[in-house]
Amino acid sequence: MSIYSYQVKDAEQNQVSLENYKNNVLLIVNTATGCGFTPQYEGLETLYKEYASQGLEILDFPCNQFLGQAPGTDEEIVHFCQLNYGVSFKTFSKIDVNGKDADPLFVHLRKAIPSDHENDESSGFAKKVHDFTKAFTGDSLKWNFTKFLVNRNGEVVGRFSPTVKPADLKGAIEKLLAE
């Protein structure tokens, strides 16, 4: 099943069909505004500005499941991201990514590429997060800023740990945009 069969809510609580993103390369990210990885919003925005005209869409899904690091309302989160990082890509409504209340889109993403296939480069703060999250097994997301790369056909083709910086995804994104 492609991701195009899923519906999600945007930050204004409107239902959005992911079919609206058909034929685009997608980078889907669970985010948080109070996380050690929050500065990655800047890198995500840089990617978006560089590749949006070629068909890249970044879909931002705030998640408060990891130590309560996305405590605001949807409106507050959007405002924070725009004010502090100039975010112009789409921010959706806050969701759960793990557990019984996990959003169906993230259940699909997690199953498409389990965490043991996640790209990870741990050092410093990232190593602390990696060590803290070793208990997560199977397809669970380990932390905020896990990134999923989806090709133009709606197939999940990559899963990247929070420690992977947005700039490190340029080659993979360029390859998918060229296909």
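The values are calculated or read from the model by the stated rules, or taken from the named source; none is laboratory data. Just so we're clear, the structure is a prediction, and the values are computed from it rather than from any experiment. Because the Cβ atoms are built from the backbone with ideal geometry, glycine has one as well, and the counts that use them run over all protein chains shown. Heads up: the accessible areas ignore ligands, DNA and RNA and are worked out on the full protein's heavy atoms, side chains in. Shrake-Rupley method; radii C 1.70, N 1.55, O 1.52, S 1.80 Å.
Miscellaneous remarks
- Residue satisfying all of: in the stretch 31-41; free of Cβ contacts under 8 Å to residues at least 60 places away in the same chain and open to solvent by 20 Å² or more (accessible area, probe 1.4 Å); farthest from residue 173 (Cα to Cα) among these: 34
- Any hit, the stretch 111-127, residues being basic (Lys, Arg), modelled with pLDDT of 80 or more and buried (at least 20 other Cβ atoms within 10 Å of the Cβ): no
- Qualifying position, being in contact with a Gly (Cβ under 8 Å, 6 or more places away or on another chain) and buried (at least 20 other Cβ atoms within 10 Å of the Cβ), among 28, 3: 3
- Test: residue in the stretch 130-152 that is of a type in the set (Ser, Thr, Tyr), at pLDDT 75 or above and in a helix (DSSP H, G or I): no
- Members of the stretch 1-20 found to be of a type outside the set (Asp, Glu) and touching a residue at least 40 places away in the same chain (Cβ under 8 Å), listed by number: 1, 2, 3, 4, 6, 8, 9, 11, 13, 16, 18
- Applying a threshold of 9 Å to beta carbon distances and a minimum spacing of six or more residues, or different chains, the list of pairs starting in the stretch 151-179 at a residue that is on the phi < 0 side of the Ramachandran plot and acidic (Asp, Glu) and ending at one that is part of a strand (DSSP E or B) and open to solvent by less than 90 Å² (accessible area, probe 1.4 Å) reads 168/119; 168/160; 179/25.
- One residue from 83, 44, 67, 56 being on the phi < 0 side of the Ramachandran plot and open to solvent by 10 Å² or more (accessible area, probe 1.4 Å): 83
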